[in-house]
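The values are calculated or read from the model by the stated rules, or taken from the named source; none is laboratory data. Remember, it's a predicted structure, so these values are computed and weren't measured experimentally. Note that we place each Cβ from the backbone using ideal geometry, even for glycine, and neighbour counts take in every protein chain shown. The protein model used for the area step is the full one, side chains on, heavy atoms only, and it has no ligands, DNA or RNA in it. Shrake-Rupley method; radii C 1.70, N 1.55, O 1.52, S 1.80 Å.
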Amino acid sequence: MGCWRKIPSSGWIFPTLILCIFGFFATMRPSEPFLTPYLTGPDKNLTIEEVTQKVFPVWTYSYLALLFPVFLLTDYVRYKPVIIIQGISLIITWVLLLFAHGVWAMQLLEFTYGTVTATEVAYYAYIYSVVSVDHYQKVTSYCRSITLVSTTAASLLGQLLVSLAHVSYFYLNAISLASVSVAFISSFFLPMPQKSMFFHRKSSPEVSIGPTDNNPPDTSNQPNHEHNKEVKTSSENSQKTHQLLKNQDPKHFLAVLVQLCKDLKECYTTKKLLYWSIWWALATAGFNQILNYVQVLWDAKAPSHSSAVYNGAVEAIATFLSKLIILDPACVLSIFVSQTLFLAT
């Protein structure tokens, strides 16, 4: 029993494993590529105009509105509670998707999904607060690759179930609900971080006040030694309590915000980092735009009620290709250029 208690608080394997389990089941959602056909089909009976103009935009604006508050909350509560909130939001999203009806219910669903995507920052930042710097590259590759693998597997599974087993979209959503429920349960096993980037930085050790001679104190008197040990323990507990109260002080909160602004100013005075951040923001915006409305385009070109739907296959191939590009971008680029030149000739 003592060994089990030591595992979560030491090493990098246990928190990485639990976080990867959470990431796998949180993104194992075979129904997601078929969201538009499901909403416009007999299950929800929404029109394509309602989906495009009234439902999907709620996710975009709620995601934008929640990003900065969630970022501060994530650091303040030290990541794990926000990951649990993400699991709860996932469950609420799919419960609404299964059993709720009407435009208002779907708008509420999009808001909860906006909470899901806004709280993803906790998933990607958590691991750096519980492992040493030496393992950053390794754990980053694990936590990010598991989501790509899960997304690819989910899209492929959804396509196979729809095309070969003729499973309805309702049961695909039921499978997704079961998967995100497992992710929610696994989040409780994550070790609680003891530090964060801004609100819970580890302070430098204070200089001890006491004898400065090289001779160790006489501990032959055992009762006196025990008394000194108790006084030392009481002093340490008092310091921890003082630090906790300090972190809850409104002045401390304002000081953290000021420090955050200074850090941002210092970071973005570097041109390379500024250019990379602009590129990342534009790329993320473009990706989210495509992700949000590409199914509407597919349904307009090949209506789901009158033709075969291959949304899952397309998303599985796209995710798989993105993984290849991440692994070896130079190789993929050379293949693309050679094939383009071959077709041109």
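Suppose R0 equals 22 Å; then what is the FRET efficiency for L108 and F68 from their Cβ-Cβ distance, rounded to the nearest 0.05?
Details: r = 22 Å, r/R0 = 1.00.
Efficiency computed from Cβ-Cβ geometry: 0.50.
Sorting I175, I13 by solvent-accessible area of protein heavy atoms yields I13, I175, largest first, with a 1.4 Å probe.
Taking a ≥ b ≥ c as the square roots of the eigenvalues of the Cα gyration tensor, segment 21-95 is classed as oblate, since a/c reaches at least 1.5 and a/b does not exceed b/c.
Surface listing: W276, W298, W59 arranged by accessible area from highest to lowest gives W276, W298, W59, probe 1.4 Å.
Dipole size in debye (nearest 20) for segment 15-174 around its Cα centre, Lys and Arg Cβ +1, Asp and Glu Cβ -1? Mind dumping the intermediate values first?
Working: 7 positive and 8 negative charges, 60 e Å.
Using Cβ point charges on Lys, Arg, Asp and Glu, segment 15-174 gives about 280 debye.
Based on alpha-carbon centroids, what's the gap between segment 111-183 and segment 21-51 in Å, whole number please? Comparing the Cα centres of segment 111-183 and segment 21-51, I get a distance of 15 Å. Solvent exposure of L291, expressed as accessible area, is near 80 Å², computed with a probe of 1.4 Å over the protein chains only. Here the 3J(HN,Hα) profile of segment 300-308, calculated from phi with Karplus coefficients 6.51, -1.76 and 1.60 at θ = phi - 60°, is 6, 7, 9, x, 5, 7, 10, 8, 5 Hz, Gly and Pro shown as x. Heavy-atom accessible area, probed at 1.4 angstrom with all protein chains present, ranks R144, R78, R29 as R144, R78, R29, highest first. Between S307 and C267, the simple label model (points 7 Å from Cα in the Cβ direction) yields a spacing of 4.4 nm.
Surface calculation, 1.4 Å probe, protein heavy atoms: K265 sits at approximately 150 Å² accessible. With the whole protein complex present, F287 retains an accessible surface near 130 Å², based on a 1.4 Å probe. So which of K80/K262; K195/K265; K262/K323; K54/K272 end up more than 30 Å apart by C-alpha? In this structure, K262/K323; K54/K272 exceed 30 Å between Cα atoms.
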